[in-house]
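Read the structure below first, then the notes.
Where a number appears in this text, it was derived from the coordinates with a stated rule and is not lab data. Treat the numbers as computed from the prediction; the structure is a model and nothing was measured.
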Amino acid sequence: FRDRRGRKLESLQKFMDQKAGKYVEDDEANIEWGSGLVQKEEREREKKMAEQLRKGPFARGRDDELMNADLRARDRWGDPMLAMIKKKKQKKKRKQIQLQTEEPSEEAAAAQVKTRPYYQGHPWPNRYGIRPGYRWDGVDRSNGWETKRMLHANNMKVREQQGYRWGASAM
């Protein structure tokens, strides 16, 4: 048997239901053509947003946080600060990826490809926390002054702590 549209029916029961006026919906009939999942989610989000706006006050002023957040999130063509804002967003994203995984992952590596390369090893510390260049071969060519200075500073801290402990232990 075939239905009104010319499709084959699997069973006589479906045919009888259609004859009686009971229309049986198929999964194929529910498919929405011309839109994907992202578009559906966007429509649902817009509906929820409209519902929130409907429940809120009629007049929206400067202090409306929802409106201000929406206006800030929009990218406007010709905005001179747009490039700077995008760089900041990329930096935040890279930092989040690095904080989530301390060991380099594929996402972190992809985020770092876009930035300047840096030395991947573990260099010894210096006073200012300056990282070596990415082409550094790992050989310390200094005269050792920086290392001696940091050792002296650490020794002074240890002496202070020991003096405090010695003075506090007599009490």
Set LYS48/LYS93; LYS48/LYS86; LYS88/LYS148; LYS55/LYS87; LYS40/LYS86; LYS91/LYS157 screened for pairs whose C-alpha atoms are more than 30 Å apart
LYS88/LYS148; LYS55/LYS87; LYS91/LYS157
Along the range 63-70, Karplus-curve 3J(HN,Hα) (6.51, -1.76, 1.60; θ = phi - 60°) to the nearest Hz, with x for Gly and Pro, reads 8, 6, 5, 5, 5, 5, 5, 5
